[in-house]
Amino acid sequence: MKFSVDKHDKYVSLKLEEHKFTNDNAPGLKSEFYLLNAEGFQNIIVDLSYVTECSDAQDLSCLLVGDRLCKSVGGLFIVTGINDELASIIELSNIFQSVTFVNTIDEATDFIFMDELEKEFRGAK
């Protein structure tokens, strides 16, 4: 499985660098979510802009694992870079009801920084 990881102070972004999202690469992605969570990253951004094919909504269920891990430590899990084919599968699977989706990486980072500011303002950190 090909992916890149870009670690920052407040978040980590992970970009899947494969054209197909399949049951072959979904377990590896899920494992990476566990590793990043164990390293202390509360906020994870997943960029799927390179992905052009996904034939089964079950493959996308690994995103729910990442979402659950981030929420369990008070963080955010955000997915970006969704094309039309993925959007239709996501809509059918109802994953969008749990996972946060935004259009761009910039929107995702803004979302995280706003959440962090809100936590600081409320005294949660």
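The values are calculated or read from the model by the stated rules, or taken from the named source; none is laboratory data. As the structure is a prediction and not an experimental result, all values here were calculated from the model. Don't worry about glycine lacking a Cβ; one is built from the backbone with ideal geometry, like all the others, and counts go over all protein chains shown. Calculation scope for accessible area: heavy atoms of the full protein, side chains included, ligands and nucleic acids excluded. Shrake-Rupley method; radii C 1.70, N 1.55, O 1.52, S 1.80 Å.
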(request) Pop a pseudo-label 7 angstrom from the Cα along the beta-carbon direction at both residue 20 and residue 39 and give the gap in nm to one decimal. (result) 2.8 nm
(message) Need one number: % antiparallel among DSSP beta bridges in the chain, to the nearest 5.
(response) 30 percent
(message) Treating only the Cβ of Lys, Arg, Asp and Glu as charged (+1, +1, -1, -1), what charge dipole size does region 3-122 show about its Cα centre? Round to the nearest 20 debye.
(response) 460 debye
(message) Under 24 Å between alpha carbons, and skipping anything fewer than 8 positions from residue 30 in its own chain: which lysines qualify?
(response) 2, 7, 10, 15, 20, 71
(message) Can you compute log10 of I(q)/I(0) for region 1-59 with the Debye formula, treating each Cα as one identical point scatterer, at q = 0.15 Å⁻¹?
(response) -0.43
(request) With runs of 4+ DSSP H residues as the only contributors, calculate the mean residue ellipticity of the chain at 222 nm using -39,500 (n - 2.57) per run, divided by the residue total and rounded to the nearest 500. (result) -13000 deg cm²/dmol
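Tell me, what are the semi-axes, in whole angstrom and largest first, of the equivalent ellipsoid of region 3-122 as set by the roots of 5 times the Cα gyration tensor eigenvalues?
On the way: eigenvalues 104, 44, 34 Å².
The equivalent ellipsoid of region 3-122 has semi-axes of 23, 15, 13 Å.
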(request) May I ask you to list the trypsin sites (Lys or Arg not before Pro) in region 1-51 that are in a DSSP loop and have at most 15 other Cβ atoms within 10 Å of their Cβ? (result) 2, 10
(message) If I model a spin label as a point 7 Å beyond the Cα along the Cα-Cβ vector, how far apart are those points for residue 50 and residue 31 in nm?
(response) 1.7 nm
(request) Compute the accessible area per residue over region 3-122, keeping the other protein chains in place, probe 1.4 Å, unit Å². (result) 54 Å²
(message) Between region 1-56 and region 71-125, how far is it from one alpha carbon centroid to the other, in angstrom?
(response) 14 Å
(message) Within 10 Å of each candidate Cβ there may be at most 14 other Cβ atoms; applying that plus a DSSP loop requirement, which GluC sites (Glu not before Pro) in region 22-120 survive?
(response) 39
(message) Can you give me the distance in nm between label points at residue 73 and residue 4, each placed 7 Å from the Cα along the Cα-to-Cβ direction?
(response) 2.4 nm
